[in-house]
1. Taking N as the number of residues in segment B:162-227, what value does Rg over Cα atoms divided by 2.2 N^0.38 Å take?
2. For a quick protection proxy, order the peptides A:154-161, B:180-187, A:272-279 by their average other-Cβ count within 10 Å, most packed first.
3. In segment B:3-247, what is the volume of the convex hull around the alpha carbon atoms, normalised per residue and reported in Å³?
4. Can you give the FRET efficiency to the nearest 0.05 for residue B:232 and residue A:130, using r as the Cβ-Cβ distance and R₀ = 51 Å?
5. For residue A:16 and residue A:180 in one chain, what is 0.36 nm times their gap in residues minus the Cα-Cα distance, to one decimal in nm?
6. Rounded, prolate or oblate, given the Cα gyration tensor of segment A:98-157, with a/c below 1.5 counting as rounded?
7. P(r) tail for segment A:121-235, what percent of Cα pairs lie past 17 Å?
8. Which three numbers, in whole Å and largest first, are the semi-axes of the equivalent ellipsoid of segment A:19-154 derived from its Cα gyration tensor as √(5λ)?
């Protein structure tokens, strides 16, 4: 990790009169990383992003962006931050192109029609460029939010559920665009309810619930540590029992005695090894399936464990 | 200071009200002109001269003030309030726009609309009454400071309001009584006591009298006091608005 992280949050707490929205959250994000922040509704994801982006007044703690403490130096880092908010908003008076030009201007950028056209093309909005924004469909309005967040070429982008309500095609296009941003050195913080999205894009995963950051880990390490692969085997004929060695390793015969299953976890035997042992035992195998580990299952396990899983930041 | 950002937000504010000129410029111009025609021509014909000028000419500064005050107030209050309600406030908060940038853009935008309506009203009035003798310095001072103060008051109302009902509270219960009892259509000097003395506590009286001095040359003892009062209001409203914007009052959670 570089000496100065792009985003450095230390002991961040946000209390509302009847709710602790964030409790002692600490997190560092290096340049060029795609970080996915996951958690159930009301977990504190949007509050955390809001506290970094100037929408939420923190109760205590510090937030540094590019080394600037937002408490004492709030404006300079904002030139390099972009936000796709969770709530769709639109300006009823102006066209898509005008809105993008205004947004670039707010960030101190002079008119750059080429940049606007590039974003319109990337988000499939070119034909809507001269349309008044209030007449856009819900999905189009969300695309415009994404364009607004990127028009000033930010170095740190927050995508708060950017693909909620958009079609599959745009979702794939956006994923490609996020990868392009990463390749250019942009840091991306993503929240999403589409876990496939986080699985596809993220370098690291953070899981938050009830305002507490339960876990931060490299995606691949997390999947290896907490992910589960399920091996399902169907036999050509009824089996009375599995070889003792397989049973000892956790393989279970199905109730109809025509199949067996095994859940591979961190520290258990590997599914292909057990499959090899089945073949070696001359058992007639008709069908084999191996279901890959899903981030969704990992998330559920961590949430059910209430943060009991080890946290590494 | 984010100069490009401030200029962009100011340009957006002006273009916003120019997108709907019928509502933001023409409508107030017509209502003020109707006041002028009804009060000036129909009632004015039965009035004797006031302070040595015909009644129709006497009410012009007050009507110009009405156009400025109402429209400056409405522009900043509704613009900020709509920004909050529609969620586009996020676009401003996430950008490098501090309290000073927001203040300049919203206030100057509102002043432009207030002054536009006020000056157009004056133009219509001049068509009927002819060019009076002027104190240009005083006229410009009172036009600018009145539009500034009411733009600031509108901004404060827009910050405070969370419901549509609240945004209408100030114009209905605060501005309307103060302006109609502020000597727009009559001379405060003609009021019997204690109403004359009570009227002097209404700041609008001093703004209207100041404009009357500037636009008609009618000298009053309170002109200097009116100018000082406007300067004090300018400083107080600016300080309060700046402090509230800096603290994120009703803008950030």
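Laboratory data are not the source of any read-out in this text; all were calculated from the coordinates shown. Note that the structure is predicted; figures quoted are calculated from it, not measured. Here the Cβ positions follow ideal geometry from the backbone for every residue, glycine too, while neighbour counts run over all protein chains shown.
1. Here the answer is 1.28, to two decimals.
2. A:154-161, B:180-187, A:272-279
3. 127
4. 0.60
5. Between residue A:16 and residue A:180, full extension yields 55.2 nm more.
6. Values: a/c = 1.69, a/b = 1.52, b/c = 1.11.
Because a/c hits 1.5 or more and a/b exceeds b/c, segment A:98-157 counts as prolate.
7. Tail fraction, whole percent: 63.
8. Square roots of five times the eigenvalues give 29, 18, 13 Å.
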